[in-house]
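Let me begin by presenting the structure, written as structure tokens, before commenting on it.
Please treat every number below as a calculation from the coordinates, not as lab data. Predicted model, so just to flag it, every value in this text is computed and none were measured. Here Cβ is always computed from backbone atoms with ideal geometry, including for glycine, and neighbour counts include all displayed protein chains.
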Amino acid sequence: MVFWENKGVRAMNMQAGEPIIAPSSTDHPLYGAVVEACRSVHDPEIPVNIYDLGLIYRIDIDGEGNIEIDMTLTAPGCPVAGEMPGWVADAVEPLPGVKTVNVQLVWEPPWGMEMLSDEARLELGFM
């Protein structure tokens with residue numbers, strides 16, 4: 001069984017009790033600005049930003065302003081798979097206080113509709 005907590009998406013394998021996705025640095029002062037920068041990136045096939053789609057799995061920010069972002073795509077065959085991590089990095093890098101940005105594309109756990117935020121569900125007509 002997998003438990004999802006959207007808004008910084010945390011997945012927990014309830015049988016093993018271990019996080020599938022490492023926690024984000026939600027208490028870091030840059031976190032909100034990084035989330036907003038991620039919201040400026042849109043999937044070209046779905047009219048919703050990638051954060052509310054649930055594609056951003058983890059945002060880790062260290063004390064030096066180095067940022068690690070784990071993200072996924074709605075499908076491995078996405079036509080912009082090679083480009084989207086760069087779009088995210090380009091959106092985050094200009095933020096004041098950011099030193100480096102590394103965006104990793106991950107496939108575990110696979111993305112699913114349950115990862116959509118309420119805002120995305122509303123925008124897509126699922127609510």
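Miscellaneous remarks
- Ordered by the count of other Cβ atoms within 10 Å of each Cβ, fewest first, THR74, THR26 give THR26, THR74.
- Cα convex hull, the range 39-120: 94 Å³ per residue, rounded to a whole number.
- Distant-in-sequence amide contacts of ASN66, defined by a placed amide H-H separation under 5 Å and a gap of 5 or more residues or a different chain, comprise LYS99, THR100.
- Contour minus Cα-Cα distance for TRP107 and ASP62 (0.36 nm per residue): 13.8 nm
- Relative packing of peptides 28-36, 102-110 - highest average C-beta neighbours within 10 Å first: 28-36, 102-110
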